[in-house]
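Below: one structure, written as structure tokens.
The values are calculated or read from the model by the stated rules, or taken from the named source; none is laboratory data. It should be emphasised that the depicted structure is a prediction, and the values quoted were computed from it without experimental measurement. Virtual Cβ from ideal backbone geometry, glycine too; neighbours counted across all protein chains shown. Quick note on the areas: whole protein, heavy atoms, side chains included, nothing else; ligands and nucleic acids left out. Shrake-Rupley method; radii C 1.70, N 1.55, O 1.52, S 1.80 Å.
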Amino acid sequence: MSSSQFRYTQTPSKVVHLRNLPWECVEEELIDLCKRFGKIVNTKTNVGANRNQAFVEFAELNQAISMVSYYASSSEPAQIRGKTIYIQYSNRHEIVNNQSPGEVPGNVLLVTFEGVESHHLSIDVIHLVFSAFGFVHKIATFEKAAGFQALVQFTDVETASAARSALDGRSIPKYLLPEHVASCNLRMSYSAHTDLNIKFQSHRSRDYTNPYLPVNHTAMDGSMQPSLGADGKKVETQSNVLLALIENMQYAVTVDVLHTVFSAYGTVQKIAIFEKNGSTQALIQYSDIATAAIAKEALEGHCIYDGGYCI
């Protein structure tokens, strides 16, 4: 049975089913394709295992019939971004946009890395990509049936949503990948987690808010092995991001206050304040490690306000 015959033997519905869409197809492109046949009341995009299907619901049945009939008899197929789109009636009569758990916004993203294996992509590269949108608190990577994946925790839902909106369906820049890897596409959904339980620092998991977390020596890359000082004690790994624990909080400490204090030692790029374990903490990001080290040396144990307040 030909595809055109199949279209006609289906029971007509106000909802049309579109297949073979480009995976990066957005709702506006669907609407542009369908709107000349009638009023569109709902859409559902990125459906199916390959996210290359969609549903479009018209206000009236005859509008859907008009679209299916037109492309069934037209010598010019429906196309989006140069790809031929296959159109038929859906077996549903309306679109119900029930949010799946992965669509309920949260501060933790579940990221699937397509086109790479776990040893192709370091946790430092993942951190670099996602920290462009705000402070990354924690990262945990793992391998599942879906492939190499990571949980990336941000401070809040807004930051996670901004990162997802900007990166979902995009590729990691080629210069961040090994030469033999052609591309790495990102697929994202929201995780039900709100605070990842990172037990130790390793090449698979990091907690950027806790410099005192033990290091799993056998699970770290050689370049990340902790070094020992002359006294035999572990030397703290330096970073361009400082974690500040603020004690004796008698006055409010805001982002502006912290910016004033820390910018005395260099340009502060980002600041995030949060509560953890009953204490006020903040992450302060400089452009380089040297500036962060100077600020740490100068401010460690000092008070923001006279009288021993906000240490």
MRE, 222 nm, helices only [DSSP H, n ≥ 4, -39500 (n - 2.57), over the chain, to nearest 500]: -6000 deg cm²/dmol
Can you tell me the relative contact order of the range 49-98? Whole percent, Cα pairs under 8 Å, sequence separation 6 or more. 36 percent
Note to self: Kirkwood Rh of the chain, Cα pairs, one decimal, Å, is 23.2 Å
Any idea what the relative contact order of the chain is, in percent, if you count C-alpha pairs under 8 Å spaced at least 6 apart? 13 percent
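To the nearest 0.05, how large is the calculated FRET efficiency for residue 309 and residue 192 if R₀ is 41 Å and r is the Cβ-Cβ distance?
After rounding to 0.05, the efficiency reads 0.55.
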Highest-MSF residue in the chain out of 263, 205, 74 [GNM, Cα springs under 10 Å]: 74
With just the Cα atoms defining each centre, how far is the range 241-257 from the range 112-187? Give it in Å. 30 Å
Enumerate by residue number the GluC sites (Glu not before Pro) in the range 85-161 meeting two conditions: DSSP loop (anything except H, G, I, E, B), and at most 14 other Cβ atoms within 10 Å of the site's Cβ. 94, 117
Interchain or long-range residues, amide H under 5 Å from residue 88's placed H: 17
Largest to smallest accessible area among 123, 304 [probe 1.4 Å]: 304, 123
Under a point spin-label approximation (7 Å from Cα along Cα-to-Cβ), what is the residue 215-residue 302 distance to one decimal in nm? 2.8 nm
Karplus 3J(HN,Hα) series, Hz, for the range 58-75 with 6.51 cos²θ - 1.76 cosθ + 1.60 (x for Gly, Pro): 8, 5, 10, 4, 5, 5, 5, 4, 4, 5, 4, 5, 4, 6, 5, 10, 7, 6
Heavy atoms of residue 124 accessible to a 1.4 Å probe, total area in Å² rounded to 10: 70 Å²
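How long is the gain from residue 128 to residue 143 if the chain were fully straight, where each residue apart is worth 0.36 nm and the alpha carbon distance is subtracted?
3.4 nm is the gain from fully extending residue 128 to residue 143.
Given the pairs 35/144; 138/174; 138/296; 44/83; 144/199, which span a C-alpha to C-alpha distance of over 30 angstrom in this model?
35/144
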Checked the range 57-128 with the C-alpha gyration tensor, a ≥ b ≥ c its square-rooted eigenvalues, rounded below a/c of 1.5, otherwise prolate if a/b is larger than b/c and oblate if not; verdict oblate
May I ask you to list the trypsin sites (Lys or Arg not before Pro) in the range 153-197 that are in a DSSP loop and have at most 14 other Cβ atoms within 10 Å of their Cβ? 170
So what is the accessible area of the range 66-200 per residue, in Å², with the probe set to 1.4 Å? 51 Å²
